[in-house]
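Q: Just dropping this structure here.
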Amino acid sequence: MGRFDERVALITGAASGIGRATATRMAADGATIVGFDRDDHGLASVAAEITGSGGTMTTVTGDVSDRTECIAAVDAAVSTHGRLDILANVAGVTWAEHVADITEAGWKQMMDVNVSGSFWCAQAALPHLLEQHGNIVNIASNAGLMGQAYTVAYSTAKGAVVNMTRALAMEYAKQPVRINAVAPGGVDSPMSRDFVMPDDLDYTLMQGYIGFRSMADPAELANVIAFVASDEASRMHGAIVSVDGGLTAG
Ligand SMILES: NC(=O)c1ccc[n+]([C@@H]2O[C@H](COP(=O)([O-])OP(=O)(O)OC[C@H]3O[C@@H](n4cnc5c(N)ncnc54)[C@H](O)[C@@H]3O)[C@@H](O)[C@H]2O)c1
């Protein structure tokens with residue numbers, strides 16, 4: 001028996017990094033996975049891995065920043081698999097820049113993907129999650145819990161994900177659904193490998209968010225996300241769970 005047997009999990013950002021690791025972790029524990037990502041090749045690759053190991057995964061290619069595509073992804077999960085128990089909002093984007101270089105389009109993209117995408121998926125999923133007494137796990141960041149130089153737009157967006165999680169948890173406090181967030185620190189994924197800091201930066205401004213430990217493996221995040229989504233975490237609601245090697249402790 002797996003802890004997610006008979007459960008259906010919609011995972012955004014499932015094509016890569018933490019989302020991919022979460023899909024394989026939950027599938028190994030019995031969940032039927034619906035991966036929603038803009039990267040169709042990545043989705044096909046993780047679906048092949050999961051089905052090759054005896055699991056079940058279907059895919060929806062789309063953009064989480066488009067509300068109609070979030071609604072379509074939730075509808076596809078429910079119409080294909082008959083129910084929805086878990087929404088993991090993992091899709092996200094980041095980049096670094098000086099404040100003076102932030103453009104209107106860049107600011108909007110940062111908010112649309114990281115904040116609005118999580119909200120549109122949550123809004124569409126909630127009626128189904130309430131039916132199943134299910135739950136939402138949003139992926140925030142240490143950047144949403146502390147001020148970070150050179151990533152002001154990303155920090156703003158992830159701070160919004162943190163408080164969106166709390167506000168949703170309060171609005172649904174009396175209803176049978178749990179809403180939590182996991183806040184990673186540095187994770188060794190394509191996102192962090194592609195991350196480029198601006199030239200001419202002041203490294204002393206970054207000391208507070210470099211920390212003392214190596215980057216996490218995506219599987220280490222997936223373990224916590226799966227725990228928070230499982231019945232073992234039945235008392236967790238409105239929690240922001242830091243998984244950052246102590247980065248935000250000091
Ligand atoms: N990697 C880190 O160090 C780190 C640290 C803290 C928080 N996070 C957060 O964890 C989450 C996952 O990051 P990751 O490291 O796995 O990154 P990643 O780049 O490996 O994966 C992100 C996934 O999101 C998908 N995606 C991006 N924009 C999308 C859109 N508009 N619509 C649909 N899919 C979209 C990408 O295609 C990709 O598959 C993100 O929310 C990120 O902000 C990452």
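The values are calculated or read from the model by the stated rules, or taken from the named source; none is laboratory data. Computed from a predicted structure; not experimentally measured. Cβ coordinates were reconstructed from backbone atoms using ideal geometry, including for glycine residues, and neighbour counts include every protein chain displayed.
Q: Does Thr204 count as in a helix (DSSP H, G or I) and free of Cβ contacts under 8 Å to residues at least 60 places away in the same chain? Steps first, answer last, please.
A: Numbers: in a helix (DSSP H, G or I): yes; free of Cβ contacts under 8 Å to residues at least 60 places away in the same chain: yes.
Yes: the conditions hold for Thr204.
Q: Continuing with the same structure: Among the residues in region 30-41, are any assigned to a helix (DSSP H, G or I) and either within 12 Å of the ligand (Cβ to nearest atom) or surrounded by 24 or more Cβ atoms within 10 Å (Cβ to Cβ) (or both)? Outline the logic, then answer.
A: So the first thing to find is which residues in region 30-41 are assigned to a helix (DSSP H, G or I), and the list is 40-41.
Applying the additional criterion that residues be either within 12 Å of the ligand (Cβ to nearest atom) or surrounded by 24 or more Cβ atoms within 10 Å (Cβ to Cβ) (or both) yields 40-41.
Yes, there is a match, as at least one residue in region 30-41 is assigned to a helix (DSSP H, G or I) and either within 12 Å of the ligand (Cβ to nearest atom) or surrounded by 24 or more Cβ atoms within 10 Å (Cβ to Cβ) (or both).
Q: Continuing with the same structure: Tally time: how many residues in region 42-69 are in a helix (DSSP H, G or I), over 16 Å from Ala27 (Cα atoms) and either more than 9 Å from the ligand (Cβ to nearest atom) or β-branched (Val, Ile, Thr) (or both)? Can you show your working first?
A: The initial filter retains those residues of region 42-69 that are in a helix (DSSP H, G or I), namely 42-52, 67-69.
With the extra rule that they be over 16 Å from Ala27 (Cα atoms), the set shrinks to 42, 67-69.
Still in the list and also either more than 9 Å from the ligand (Cβ to nearest atom) or β-branched (Val, Ile, Thr) (or both): 67-68.
Matching residues across region 42-69 total 2.
This table checks each residue for (1) loosely packed, with under 11 Cβ neighbours inside 10 Å; (2) among the basic types (Lys, Arg); (3) at pLDDT 95 or above.
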| position | (1), (2), (3) |
| --- | --- |
| Asn180 | no, no, yes |
| Pro190 | no, no, yes |
| Val196 | yes, no, no |
| Tyr209 | no, no, no |
| Phe212 | yes, no, no |
| Met215 | no, no, yes |
| Ile240 | no, no, yes |
| Val243 | no, no, yes |
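Q: Further, regarding this structure: Out of all the residues in region 168-181, is one or more within 13 Å of the ligand (Cβ to nearest atom), under 15 Å from the mean Cα position of the chain (by Cα) and touching a residue at least 24 places away in the same chain (Cβ under 8 Å)?
A: From region 168-181, those within 13 Å of the ligand (Cβ to nearest atom) are 181; that's our starting set.
Among the residues that remain, those that are also under 15 Å from the mean Cα position of the chain (by Cα) are: 181.
Those left that are additionally touching a residue at least 24 places away in the same chain (Cβ under 8 Å): 181.
Checking region 168-181: at least one residue is within 13 Å of the ligand (Cβ to nearest atom), under 15 Å from the mean Cα position of the chain (by Cα) and touching a residue at least 24 places away in the same chain (Cβ under 8 Å).
Q: What number of residues in region 182-198 are within 8 Å of the ligand (Cβ to nearest atom), closer than 15 Å to Thr151 by Cα and of a type in the set (A, V, I, L, M, F, W, C)?
A: Total satisfying the criteria: 2.
Q: Hey, another quick one. Considering only region 131-152, I want to know if a residue exists there that is assigned to a helix (DSSP H, G or I), under 26 Å from Val78 (Cα atoms) and modelled with pLDDT of 95 or more. Working first, answer last.
A: Within region 131-152, the subset assigned to a helix (DSSP H, G or I) is 131-132, 142-144, 152.
Pick out the ones that are also under 26 Å from Val78 (Cα atoms) and you get 131-132.
With the extra rule that they be modelled with pLDDT of 95 or more, the set shrinks to 131-132.
Within region 131-152, one or more residues are assigned to a helix (DSSP H, G or I), under 26 Å from Val78 (Cα atoms) and modelled with pLDDT of 95 or more.
Q: Could you figure out which of (1) crowded, with 24+ Cβ neighbours inside 10 Å; (2) within 10 Å of the ligand (Cβ to nearest atom); (3) not in a helix (DSSP H, G or I) isn't true of Thr22?
A: Going through the list (1) crowded, with 24+ Cβ neighbours inside 10 Å; (2) within 10 Å of the ligand (Cβ to nearest atom); (3) not in a helix (DSSP H, G or I), Thr22 breaks only (3).
Q: On to the next question. Among Val78, Val74, which is the only one that is in contact with a helix residue (DSSP H, G or I) (Cβ under 6 Å, 6 or more places away or on another chain), away from the ligand (no atom under 16 Å from the Cβ) and part of a helix (DSSP H, G or I)? Reasoning before the result, please.
A: Values: Val74 fails: away from the ligand (no atom under 16 Å from the Cβ).
Sole residue among the options that is in contact with a helix residue (DSSP H, G or I) (Cβ under 6 Å, 6 or more places away or on another chain), away from the ligand (no atom under 16 Å from the Cβ) and part of a helix (DSSP H, G or I): Val78.
Q: Which of the residues spanning region 90-142 are charged (D, E, K, R), under 19 Å from Met197 (Cβ atoms) and surrounded by fewer than 17 Cβ atoms within 10 Å (Cβ to Cβ)? Before the answer, list the steps.
A: Going residue by residue through region 90-142, those that are charged (D, E, K, R) are 97, 101, 104, 108, 112, 131.
Retained after the next criterion (residues that are under 19 Å from Met197 (Cβ atoms)): 97, 101.
Asp101, the sole residue that qualifies.
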